[in-house]
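Some notes on the structure that comes next.
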Amino acid sequence: EEFKERCSQCAAVSWGLTDEGKYYCTSCHNVTERSKEVINTDAIPNAKIKTINRGLKRKRKHEKGWDWYVCEGFQYILYQQAEALKALGVGPELKNEVLHNFWKRYLQKSKQAYCKNPMYTSGRKAKVLEDDLSQSDWASEPELLSDVSHLSFVESGAESQPDAQTQKPFPITKASQPASVCSGSLDGVEYSERKEKGVVKMTVPRTLAFCYLSLLWQRETITLSDLLRFVEEGHIPYINAFQHFPEEMKLYGRDKGIFAIESWPDYEDIYKNVIEVATFLDLPRFPDITEACYLHPNVLSMKYLMEVNLPDEMHGLTCQVVKMTGIGEVDFLTFDPIAKMAKAVKYDIQAVAVIVVVLKLLFLLDDNLEWSLSDLAEIHNEENKQDKPWFEFRKWYQVMKKAIDEKRQKWEETRAKYMWKSEKPLYYSHIDRPVVYKRREMVVNLQKQFSALVDSTPTIEKKSPSSFQFNWAKEDADRTCFHGHSLQGILIKKGQSLMTKNSLYWLSTQKFCRSYCKHVTTYEESNFSLSYQFILNLFSFLLRVKTSLLHEEVSLIEKKLFKKKYSETKQKFSRSRKVRRH
């Protein structure tokens, strides 16, 4: 019989049922003590009807779904991230071959799977068969590793592909080991306390390290800064990635500390994780980065020149700097984890640093010369309106400052509005579950009510993924496109070659830190010109990196470009910031 009493809170007659079988008001979410009366005569044939039950016959000791391990949770996150990269245009072989093999190698090296005695079977008698070591796990939907007889991986090939509209369910395991009361996963408590020397422990940030290593191996057109920006824009699962887990994968207690992330990924942190993971996996030398690759500084520098609206003619100068410093050589650019000092090139930061060096070569950026050259360019452009306009640094500065300020403001507003709480509430214990879900319902209800009052919906605009953050194709009065402007007012012809009018150059770093320091140099804004600060802040925001990181890369390129000047500086212990180029 239906429950037709009025709600004591809002007087509405609109009832729903909770998971425990209790009635709750769908209007105000008030939960009553009344449970639905159930008479079941068909469930057990030939059985004697004994009672009319109120609510559930018996409650389980705690929320028990599938038996799953922490590594399986990370595997599911990696699968979702690989699918997101595929949707961004990355080839399917990244997921099916490269990332799959990296993850398989990690499970084997960390002794979690693909070995005779994986650590998660320590409480069982079963062993993994050698025949299972050749099986593939990502031909379709990722499956759990918790089966006692085998690793539950789906074999690769066309036969294993499920129907496109139906997802292959996770297997229900028959593990003799009970799920932990302190976590939804079987090994959540053990994993959070595990500190094994020499083993790189898997974390959510390291899933991005796996993704980037796969992108680097495939030489895809996505840099590390692009990857992190796509994460920030919501195109790649990272924050609250656990909410995509199947409902049967119960996650609470210690699992919260493992899978819940409450900060955006940091470039330096992910970069260090990339080195650690690649070294731990003992990966071979990666495919060569040649001039035809997107990650080569000649290609990337052109991309960033277009991004920040600088003249196309500057690309010839960036290529010369790349050649003179040797940073375009294959051996320098190619990542080799098994080398004595494994170090991956920060391709995006390096390309931007080359542009900063070229800007210093052309304009000096001392808060004086760049404005003098701008005055000359302005006069020329007024007198020769029919000719190709000379590049005017002042006008470019004004256009870019307005554009970057608007972009930064939107970015800060989006971050401030970001909802860190997941749609799938987390709780430390199954006892807290009803309270947590109730609070979540109240928060959602209040948000709806306030949105109705102000006649707005709290929706966060999701941008379409793009390698470029600025579009200079549509030109208007406030957004001049400088791509076709000439450097003629800055360069002078000397014989068959072009020379810069500016003959001075100041070094960003006079003296580098010693080898035992964690950084190469330091950056104090007050010690540098305002123009240099603006250039660094502009590129740092585009890459979402710290300004000091870019300054450090600029200093390293200058060290390669002006070896003679650095040796002279070291001998004389000069504190002068300006040197003359020969």
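The values are calculated or read from the model by the stated rules, or taken from the named source; none is laboratory data. The shown structure was predicted, so the numbers you read here are calculated from the model rather than taken from an experiment. Because the Cβ atoms are built from the backbone with ideal geometry, glycine has one as well, and the counts that use them run over all protein chains shown. For the accessible areas, the whole protein counts, side chains as well, though only heavy atoms, and no ligand, DNA or RNA atoms are used. Shrake-Rupley method; radii C 1.70, N 1.55, O 1.52, S 1.80 Å.
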Across the range 502-532, the tally of residues that are open to solvent by 30 Å² or more (accessible area, probe 1.4 Å) and not in a loop (DSSP other than H, G, I, E, B) stands at 5
Gly253: passes all of (1) crowded, with 20+ Cβ neighbours inside 10 Å; (2) at negative phi; (3) over 17 Å from the mean Cα position of the chain (by Cα) but (2)
If you go through Pro284, Pro246, the only one that is out of contact with any Lys or Arg (no Cβ under 7 Å at 6 or more places or on another chain), open to solvent by less than 30 Å² (accessible area, probe 1.4 Å) and either part of a loop (DSSP other than H, G, I, E, B) or under 30 Å from Gly316 (Cβ atoms) (or both) is Pro246
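Can you tell me how many residues within the range 267-281 are out of contact with any helix residue (DSSP H, G or I) (no Cβ under 8 Å at 6 or more places or on another chain) and open to solvent by 60 Å² or more (accessible area, probe 1.4 Å)?
In the first step, residues of the range 267-281 are kept if they are out of contact with any helix residue (DSSP H, G or I) (no Cβ under 8 Å at 6 or more places or on another chain); the result is 272, 275, 279.
Filter again for open to solvent by 60 Å² or more (accessible area, probe 1.4 Å), leaving 272, 279.
Of the residues in the range 267-281, 2 are out of contact with any helix residue (DSSP H, G or I) (no Cβ under 8 Å at 6 or more places or on another chain) and open to solvent by 60 Å² or more (accessible area, probe 1.4 Å).
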Sole miss for Met302 among (1) buried (at least 20 other Cβ atoms within 10 Å of the Cβ); (2) more than 18 Å from Arg206 (Cβ to Cβ) is condition (1)
Selection over the range 454-477 where residues are within 25 Å of Arg415 (Cβ to Cβ) and either assigned to a helix (DSSP H, G or I) or at pLDDT below 70 (or both) yields a count of 9
When every residue in the range 305-328 that is charged (D, E, K, R) and in a helix (DSSP H, G or I) is compared, the one surrounded by the most Cβ atoms within 10 Å (Cβ to Cβ) is Glu307
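If I ask for residues that are more than 16 Å from Met314 (Cα to Cα) and either modelled with pLDDT of 95 or more or open to solvent by less than 20 Å² (accessible area, probe 1.4 Å) (or both), which ones from the range 381-394 would you list?
Here is the first cut: in the range 381-394, the residues more than 16 Å from Met314 (Cα to Cα) are 381-387, 394.
If the condition is that a residue be more than 16 Å from Met314 (Cα to Cα) and either modelled with pLDDT of 95 or more or open to solvent by less than 20 Å² (accessible area, probe 1.4 Å) (or both), then Arg394 is the only one that fits.
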Scanning the range 84-110 for residues that are open to solvent by less than 60 Å² (accessible area, probe 1.4 Å) and in a helix (DSSP H, G or I) gives Ala84, Leu85, Leu94, Lys95, Val98, Leu99, His100, Phe102, Trp103, Lys104, Tyr106, Leu107
Pairing a residue in the range 223-238 that is farther than 15 Å from Arg544 by Cα with any residue that is open to solvent by less than 10 Å² (accessible area, probe 1.4 Å) and charged (D, E, K, R), where Cβ atoms lie under 8 Å and the two sit 6 or more apart in sequence or on different chains, gives none
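Could you check, for the range 86-101, whether at least one of its residues is acidic (Asp, Glu) and modelled with pLDDT of 50 or more?
Yes, that holds for at least one residue.
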Yes or no: Lys402 part of a helix (DSSP H, G or I), within 24 Å of Gln533 (Cβ to Cβ) and free of Cβ contacts under 8 Å to residues at least 40 places away in the same chain? no
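Checking the condition at pLDDT 95 or above, touching a helix residue (DSSP H, G or I) at 6+ places or on another chain (Cβ under 6 Å) and of a type in the set (Lys, Arg), which residue from Arg206, Arg229 passes? Talk me through it step by step, then tell me what you get.
Working: Arg229 fails: touching a helix residue (DSSP H, G or I) at 6+ places or on another chain (Cβ under 6 Å).
That would be Arg206, the only listed residue that is at pLDDT 95 or above, touching a helix residue (DSSP H, G or I) at 6+ places or on another chain (Cβ under 6 Å) and of a type in the set (Lys, Arg).
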### Task
Examine the range 347-366 for a residue that is open to solvent by 60 Å² or more (accessible area, probe 1.4 Å), under 26 Å from Trp506 (Cβ atoms) and assigned to a helix (DSSP H, G or I), and state whether such a residue exists.
no
The correct count of residues that are buried (at least 23 other Cβ atoms within 10 Å of the Cβ) and not in a loop (DSSP other than H, G, I, E, B) in the range 213-226 is 4
